[in-house]
């Protein structure tokens, strides 16, 4: 149960500063909290509410809409096996069945050692590479049950830590707008004129 | 480099005109060095050297159609903003999640600078003051590539204050979601971007161009649509319209998945390439796997009514596919061969839409779930005759009246296009019924074969006398 660390508060403020309305940063701040703790804690939601200037109920309301946010601990690796049409046509049911057998859990469950959470996922935009899955949102394509076994072995042996961060981290690269290059945010109500480049002349 | 396949999974190049995938052959296509060395940001330079209105006019006269699903011309969309209301925003829809669709993720992962350049051209042409680039939450690598590209582009002076030394200034802010299909609907996307639950807004207004992000005029464009703009600016309207047809110029990225020999993403010439070319052509998918017969295919993403071999000779062109009772949607074809269990295949799609319903409209929230449960029962062999009628009844409460069908002069029928009538705000609800309707209409016997038959037992008399 933790609030955001000082480093994450600094990041949160930078993110909030990019939007004309602070609440727009909510989803990205929830990602930040999940990156810190592996799931979203109550304290983190209270803290985010303070940073954004909304009630914690509003934060909870937004957070619970989105499937990627977890409100209790999940495995270090969340394995999402796609089951929508293209993957189903190419054998994703067999893959899911195999994963359940191998991990000894049903879809939706977490292994007792806390390493894996298995989920049934919907279309992941890799339909030509069916059947596919994601481990912490990193793709694996055209998997056979044997490929899945090899993947689980690699994860257990920590052979993929360079590519796949623990659950919570999505993108490992952050946008950073240098203050001297950025335009900055202007409140919508303070703008009444068209942008200067719409003056009928070429900008260059 | 001959094979682009190894480092760009899904994409299959070919000897065809390339507008948006021209850099996919390079392993380092996503870096600013490769981008600039291959003509990158030249389209932006060309645009900025002309008055903004003329750039907007070019996009209009080139008929750049929206590549997200509805196929609405981008230049006209930009012009739907109310007079004298400022500021205006650009929101990029990179929330690709329609079943079968795989193209925007490739464009973001393989050529993020091309997308950034497209965003800048749109902001310049339409007078948009800030751009929010919304990427689907589950696409970690796309987010990383775009973040890196934006950092590079800011450092090089292509984005931000006084771009290329001109008086054009705009910020591009990277934003991403957290898992919700419905957020691909443009007003839901805006709700999500405002930090709310991603539920579609009540219409009218029908376009966020009138009232969108923070109540301001907002243009929402798809990734592939914007990725077309750099090429258009560099090569001109005539070059653009010389590819494809008059009503559908340029190219389209099409993902073909399912039971074909070479599933993949192809950039095809718009309007002229037929479904037969795509499914059977040697330069495309190379036929159905194991030389099996084609049973059915979904021509435009999970929401599109299904086609069979009868429609193979239709070109990949919006108005003709519309007249035949379906839509091109998001450029996604899913192919089913003769081995496919049709009711089970339809269930995977209906389950998707039932699961992704945001819950705002009752017909979708309740009806989608009903459709899933009833269909699931039928697939499991536990359905009855009344279940098939019930499926139709529930479906008609989500989208009443004529369902999309092909025009047929002999029968005096004019085509019913998608969208049709619906009792919901957005298309998630009707989309749950589309696979059920298509499968039941085309393959009713497969449903009937697995329902429980109750035979009438004739009772003559309870007892007999002596």
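When the residues of segment A:122-140 are filtered to those that are more than 8 Å from chain B (Cβ to nearest Cβ) and outside any loop (DSSP other than H, G, I, E, B), which remaining residue is surrounded by the most Cβ atoms within 10 Å (Cβ to Cβ)? Steps first, answer last, please.
The first filter runs over segment A:122-140 and keeps only residues more than 8 Å from chain B (Cβ to nearest Cβ), leaving A:131-133, A:135, A:140.
The next check asks that each one be outside any loop (DSSP other than H, G, I, E, B); those that pass are A:133, A:135, A:140.
Values: A:133: 26, A:135: 21, A:140: 19.
Applying the filter and picking the extreme gives A:133.
Please enumerate the residues belonging to segment B:37-65 that are free of Cβ contacts under 8 Å to residues at least 24 places away in the same chain, out of contact with any helix residue (DSSP H, G or I) (no Cβ under 6 Å at 6 or more places or on another chain) and more than 10 Å from every other protein chain (Cβ to nearest Cβ).
Listed by number, the residues that qualify are B:37, B:38, B:57.
Considering segment B:25-39 alone, what residues qualify as being in a loop (DSSP other than H, G, I, E, B) and surrounded by 23 or more Cβ atoms within 10 Å (Cβ to Cβ)? Explain how you work it out, then say what you get.
Pass one, segment B:25-39, residues in a loop (DSSP other than H, G, I, E, B): B:25-31, B:38-39.
The answer is B:29, B:30.
Give segment B:348-362 a look and list any residue that's farther than 15 Å from residue B:183 by Cβ, buried (at least 22 other Cβ atoms within 10 Å of the Cβ) and more than 9 Å from every other protein chain (Cβ to nearest Cβ), or say none. Break it down stepwise before answering.
Step one: filter segment B:348-362 for residues farther than 15 Å from residue B:183 by Cβ, giving B:348-351, B:354, B:361-362.
So of that shortlist, the ones also buried (at least 22 other Cβ atoms within 10 Å of the Cβ) come out as B:348-351, B:354, B:361.
If the condition is that a residue be farther than 15 Å from residue B:183 by Cβ, buried (at least 22 other Cβ atoms within 10 Å of the Cβ) and more than 9 Å from every other protein chain (Cβ to nearest Cβ), then B:350, B:354, B:361 are the ones that fit.
Kindly list the number of the only condition in (1) closer than 20 Å to residue A:129 by Cα; (2) in contact (Cβ under 8 Å) with a residue 12 or more places away in the chain that fails for residue B:148.
Only one criterion in (1) closer than 20 Å to residue A:129 by Cα; (2) in contact (Cβ under 8 Å) with a residue 12 or more places away in the chain is unmet by residue B:148, namely (1).
Conditions (1) away from chain B (no Cβ under 12 Å); (2) outside any loop (DSSP other than H, G, I, E, B); (3) free of Cβ contacts under 8 Å to residues at least 12 places away in the same chain, marked per residue:
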| position | (1), (2), (3) |
| --- | --- |
| A:142 | no, no, no |
| A:154 | yes, yes, yes |
| A:176 | no, no, no |
| A:181 | no, no, yes |
| A:186 | no, no, no |
| A:192 | no, no, yes |
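For residue A:48, indicate whether it is under 22 Å from the mean Cα position of the chain (by Cα), modelled with pLDDT of 95 or more and in a strand (DSSP E or B). Steps first, please.
On the way: under 22 Å from the mean Cα position of the chain (by Cα): yes; modelled with pLDDT of 95 or more: yes; in a strand (DSSP E or B): no.
No; evaluated as a whole, the condition is false for this residue.
Is one or more of the residues making up segment A:103-111 part of a helix (DSSP H, G or I) and more than 14 Å from chain B (Cβ to nearest Cβ)?
We begin by selecting, within segment A:103-111, every residue part of a helix (DSSP H, G or I); these are A:103.
This time we only want the ones that are more than 14 Å from chain B (Cβ to nearest Cβ), so: A:103.
Among the residues of segment A:103-111, at least one is part of a helix (DSSP H, G or I) and more than 14 Å from chain B (Cβ to nearest Cβ), which makes the answer yes.
Filter segment A:1-19 down to the residues that are surrounded by fewer than 20 Cβ atoms within 10 Å (Cβ to Cβ) and not in a helix (DSSP H, G or I) and list them by number.
A:1, A:2, A:3, A:5, A:17
Report, ordered by the first and then the second residue, all pairs with beta carbons closer than 6 Å, sequence separation of six or more or different chains, a first member in segment B:154-171 that is more than 7 Å from chain A (Cβ to nearest Cβ), and a second member that is in a helix (DSSP H, G or I).
Taking only residues 6 or more apart or on different chains, the pairs are B:159/B:153.
The values are calculated or read from the model by the stated rules, or taken from the named source; none is laboratory data. Predicted, not measured: the structure shown is a model, and the values here were computed from it. In this analysis, Cβ positions are derived from the backbone assuming ideal geometry, glycine residues included, and neighbour counts consider all displayed protein chains.
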